[in-house]
Amino acid sequence: MANKMMTLKGIEKAVKAIQKDLNKRVDEVSEAGLIKASILIRNSMAKQSPIIPVDLGNLNASWYVITKGRKDVATRFVENKRTRINFASDHSAVTSKASSKVETSPTPLLIMGFSARYAMAVHEGVSSKGNAFKYNLPQSGAKFFESALWRNKEKIVEIIAKEVSNI
């Protein structure tokens, strides 16, 4: 009797379907980890020096987090008649651009940041005229976002790895 190898028709298709579902699940879990990491960063910027500088609160209110599954772009801007800056319009433009990048990404992607047009200058601690910022709020200062990322880099990796390992 000769040994005949049996094959199951459609097995390759089933394996591909399982792989596709698994990849989708990894993306979902990865996104959950990214969101949890963004919460860690946001809290760190609010509680650990250097913290986010606050004047009227519009820089703070311009914070956003965007993933394919979540768009946290709510704002609470305070109108400042002196500067006449249209924070809502700026915020919409910035978050729309970020949403486009996230939606077209083939891998899980989270974009977080501040939409206020002066956010970069405040973060860097240097005005457009090259003068150093004077931060009024105790413990606030330059590099608040960058510092939070560096301070929590190991925790960020742990959070995302934990989510992926739960599959």
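Pairs meeting the criteria (first residue in the stretch 92-108 and within 17 Å of N23 (Cα to Cα), second residue surrounded by 11 or more Cβ atoms within 10 Å (Cβ to Cβ), beta carbons under 6 Å, at least 6 apart or on different chains) are P108/D27; P108/S30; P108/E31. Listed by first and then second residue, the pairs linking a residue in the stretch 50-71 that is charged (D, E, K, R) to a residue that is assigned to a loop (DSSP other than H, G, I, E, B), with Cβ atoms under 8 Å apart and 6 or more places separating them unless they lie on different chains, are D55/N136; K68/S105; K68/P108; K68/L109.
To keep it simple, each residue is scored yes or no on (1) modelled with pLDDT under 90; (2) touching a helix residue (DSSP H, G or I) at 6+ places or on another chain (Cβ under 9 Å); (3) open to solvent by 50 Å² or more (accessible area, probe 1.4 Å).
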| position | (1), (2), (3) |
| --- | --- |
| D90 | yes, no, no |
| S105 | no, no, no |
| A116 | yes, yes, no |
| H123 | yes, yes, no |
| S127 | yes, yes, no |
| F133 | yes, yes, yes |
| E146 | no, yes, yes |
| N152 | no, yes, no |
| I167 | yes, yes, yes |
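Residues of the stretch 154-165 that are of a type in the set (A, V, I, L, M) and open to solvent by 50 Å² or more (accessible area, probe 1.4 Å): V157, A161, V164.
The values are calculated or read from the model by the stated rules, or taken from the named source; none is laboratory data. Note that the structure is a prediction, hence the values are computed from the model and not measured. Every residue, glycine as well, gets a Cβ built from its backbone with ideal geometry; the counts of neighbours run over all protein chains shown. The accessibility values were calculated without ligands, DNA or RNA, using every heavy atom of the protein model including side chains. Shrake-Rupley method; radii C 1.70, N 1.55, O 1.52, S 1.80 Å.
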